[in-house]
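The values are calculated or read from the model by the stated rules, or taken from the named source; none is laboratory data. Please read all numbers here as calculations on a predicted model, not as lab measurements. When we count neighbours, we look across all protein chains shown, and the Cβ atoms used for this are built from the backbone with ideal geometry, even at glycine.
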């Protein structure tokens with residue numbers, strides 16, 4: 001759709017609406033289910049037992065809306081008619097992978113996976129940088145005001161951090177041949193997993209953090225510990241970089257099992 005829109009402000013407005021609605025649906029659904037409908041029944045399963053205060057939810061939501069304004073501005077500039085020809089945007093995956101349907105599907109899935117892999121690496125190293133003492137105080141502290149995050153905290157960034165976070169968008173747009181559907185899928189997965197990371201409840205089962213595959217995948221417990229201690233667990237989708245650089249919290253597996261055990265007891 002954006003490929004045929006040359007009006008910057010119309011594109012920007014559509015993106016604001018799209019990002020806000022998707023965030024509202026995903027984070028809102030999680031919040032209503034875990035923090036309202038099942039609040040009493042599942043209280044024992046919460047990673048940090050205490051629930052955030054009402055003002056925390058408002059702050060998280062407010063900063064997230066500002067973040068979407070910044071994300072939309074960056075994406076709209078990248079797809080301006082004057083800039084778009086320099087990107088790797090295509091109308092259809094057939095322009096990239098040819099007429100063979102199997103190749104198209106393989107490229108579409110592989111392309112999205114490549115976006116996720118590139119984003120995962122970018123996020124880890126960018127995240128380590130903003131934990132530098134000076135940068136932390138300047139921009140990253142806003143996100144860490146949520147010591148005990150809720151799903152609304154998924155995009156609660158200082159404007160400068162939101163800008164830094166979304167620089168991955170032009171990197172991908174200019175390097176990976178893609179369609180708008182592929183970009184939307186990547187960003188959708190990012191929104192879903194980011195909201196899960198800030199959920200405050202663990203969805204994976206006991207033993208997941210030490211499973212041969214699970215130990216490489218990020219969890220809500222892992223990211224919740226990052227918010228609680230702010231000294232480790234910097235990954236987004238995976239723990240690949242955390243494990244390679246030794247930045248997984250020493251008590252991660254122990255904490256995961258303790259939370260998962262509570263989940264098992266509660267049923």
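Structure above, values below:
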| quantity | calculated |
| --- | --- |
| Qualifying helices (runs of 4 or more DSSP H) (wholly inside region 62-157; at least 3 residues being more than 30 Å from residue 52 (Cα to Cα) and in contact with a helix residue (DSSP H, G or I) (Cβ under 9 Å, 6 or more places away or on another chain)) | 94-97, 101-130 |
| Number of the exception - residue 70 against (1) over 27 Å from residue 221 (Cβ atoms); (2) surrounded by fewer than 13 Cβ atoms within 10 Å (Cβ to Cβ) | (2) |
| Region 109-145, subset over 26 Å from residue 230 (Cα atoms) and touching a strand residue (DSSP E or B) at 6+ places or on another chain (Cβ under 9 Å), residue surrounded by the most Cβ atoms within 10 Å (Cβ to Cβ) | 115 |
| Inter-residue pairs, beta-carbon under 8 Å, first at negative phi and at pLDDT below 95 and in region 29-43, second in a helix (DSSP H, G or I) and loosely packed, with under 13 Cβ neighbours inside 10 Å, 6+ apart | 41/266; 42/266 |
| Pair list, Cβ < 6 Å and 6+ apart or interchain, from region 185-203 residues that are at positive phi and surrounded by fewer than 19 Cβ atoms within 10 Å (Cβ to Cβ) to residues that are outside any helix (DSSP H, G or I) and modelled with pLDDT under 95 | none |
| Count of residues meeting criterion [surrounded by 19 or more Cβ atoms within 10 Å (Cβ to Cβ) and touching a residue at least 24 places away in the same chain (Cβ under 8 Å)] in region 222-237 | 9 |
| Among (1) buried (at least 16 other Cβ atoms within 10 Å of the Cβ); (2) closer than 19 Å to residue 174 by Cα; (3) modelled with pLDDT under 95; (4) touching a strand residue (DSSP E or B) at 6+ places or on another chain (Cβ under 9 Å) - the single one residue 3 does not satisfy | (1) |
| Residue ID - farthest from residue 255 (Cα to Cα), chosen from residues in region 40-49 that are touching a strand residue (DSSP E or B) at 6+ places or on another chain (Cβ under 9 Å) and assigned to a loop (DSSP other than H, G, I, E, B) | 42 |
| Tally, over region 194-218, of residues that are over 19 Å from residue 52 (Cβ atoms) and within 12 Å of the chain's Cα centre (by Cα) | 1 |
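The rows are residues; the columns are (1) part of a helix (DSSP H, G or I); (2) touching a strand residue (DSSP E or B) at 6+ places or on another chain (Cβ under 7 Å); (3) at positive phi; (4) modelled with pLDDT of 95 or more.
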{"position": "212", "(1), (2), (3), (4)": "no, no, no, yes"}
{"position": "225", "(1), (2), (3), (4)": "yes, no, no, yes"}
{"position": "234", "(1), (2), (3), (4)": "no, no, no, yes"}
{"position": "243", "(1), (2), (3), (4)": "yes, no, no, yes"}
{"position": "246", "(1), (2), (3), (4)": "no, no, yes, yes"}
{"position": "259", "(1), (2), (3), (4)": "yes, no, no, yes"}
{"position": "262", "(1), (2), (3), (4)": "yes, no, no, no"}
